[in-house]
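Asks: I'd like to ask some things about the structure below.
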Amino acid sequence: MRRGDREITDFTKMMDILKICDCCRLGLIDTDETYIVPMNFGYEEWDKNLVLYFHCAKEGRKVDLIPRQKEVSFEMDTKKGLITKDSACQLSYSYQCIMGKGKLEIIQDHDAKIHGLRSIVSHYADVTDLEFKQEMVEAVMILKLTVSEWSCKEH
């Protein structure tokens, strides 16, 4: 990280920032270009290890790309805003951002898919006791990203 003075290394603060992010962008490689896709997400943390969950349709470009990915990158950000000063050369921008990488897999097991769905829903709503209809669980694809490395920055 070029600006080490802006790096956040305290795990609790990193998790606090992750909790208020509302979109996670996945970066996938497609032959000679990077394909970046914004996604809703959920997460779980245990012993300072992080797993992200995503839901999507069972077909499309990202679904076609997943099996070809050794690793994927991700980015999320929040608290963005212009910092104004007396001159244009002094303008700046405030933000908090998270970047990382890890192994992305498609979850097949029904109970594991429900676990992922609950994680996603609980990230956006204060609800924990939702029931999911079998046909809806079967209709959606759940992705699990086991994070191997991530960093956090703030300005």
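Asks: Only one of Lys101, Lys58 is charged (D, E, K, R), surrounded by 14 or more Cβ atoms within 10 Å (Cβ to Cβ), at negative phi and at pLDDT 90 or above; which?
Replies: Lys101 is the lone residue from the list that is charged (D, E, K, R), surrounded by 14 or more Cβ atoms within 10 Å (Cβ to Cβ), at negative phi and at pLDDT 90 or above.
Asks: Quick check on the range 61-82: of everything there that is among the basic types (Lys, Arg) and touching an Asp or Glu at 6+ places or on another chain (Cβ under 9 Å), which residue is least open to solvent (accessible area, probe 1.4 Å)? First the steps, then the outcome.
Replies: Start the filter on the range 61-82 by keeping residues that are among the basic types (Lys, Arg), which leaves 61-62, 68, 70, 79-80.
Okay, now just the ones that are also touching an Asp or Glu at 6+ places or on another chain (Cβ under 9 Å), so 61, 68, 79.
Values: Arg61: 91, Arg68: 145, Lys79: 125 Å².
The extreme case among them is Arg61.
Asks: Now a separate question. Need the failing condition index for Asp109 against (1) surrounded by fewer than 17 Cβ atoms within 10 Å (Cβ to Cβ); (2) under 15 Å from the mean Cα position of the chain (by Cα); (3) of a type in the set (D, E, K, R), just the number.
Replies: Asp109 satisfies every listed condition except (2).
Asks: Applying the selection to the range 35-53, what residues are part of a strand (DSSP E or B) and either open to solvent by 80 Å² or more (accessible area, probe 1.4 Å) or closer than 25 Å to Asp10 by Cα (or both)?
Replies: Once the filter is applied, which keeps residues that are part of a strand (DSSP E or B) and either open to solvent by 80 Å² or more (accessible area, probe 1.4 Å) or closer than 25 Å to Asp10 by Cα (or both), the range 35-53 yields Ile36, Pro38, Gly42, Tyr43, Glu44, Glu45, Trp46, Asn49, Leu50, Val51, Leu52, Tyr53.
Asks: If you scan the range 120-136, which residues turn out to be more than 16 Å from Asp16 (Cα to Cα) and in contact (Cβ under 8 Å) with a residue 60 or more places away in the chain?
Replies: Within the range 120-136, Ile120, Val121 qualify.
The values are calculated or read from the model by the stated rules, or taken from the named source; none is laboratory data. None of the values given here were measured: they were computed from a predicted structure. Here Cβ is always computed from backbone atoms with ideal geometry, including for glycine, and neighbour counts include all displayed protein chains. Accessible surface is based on the protein model in full, side chains and every heavy atom, while ligands, DNA and RNA are left aside. Shrake-Rupley method; radii C 1.70, N 1.55, O 1.52, S 1.80 Å.
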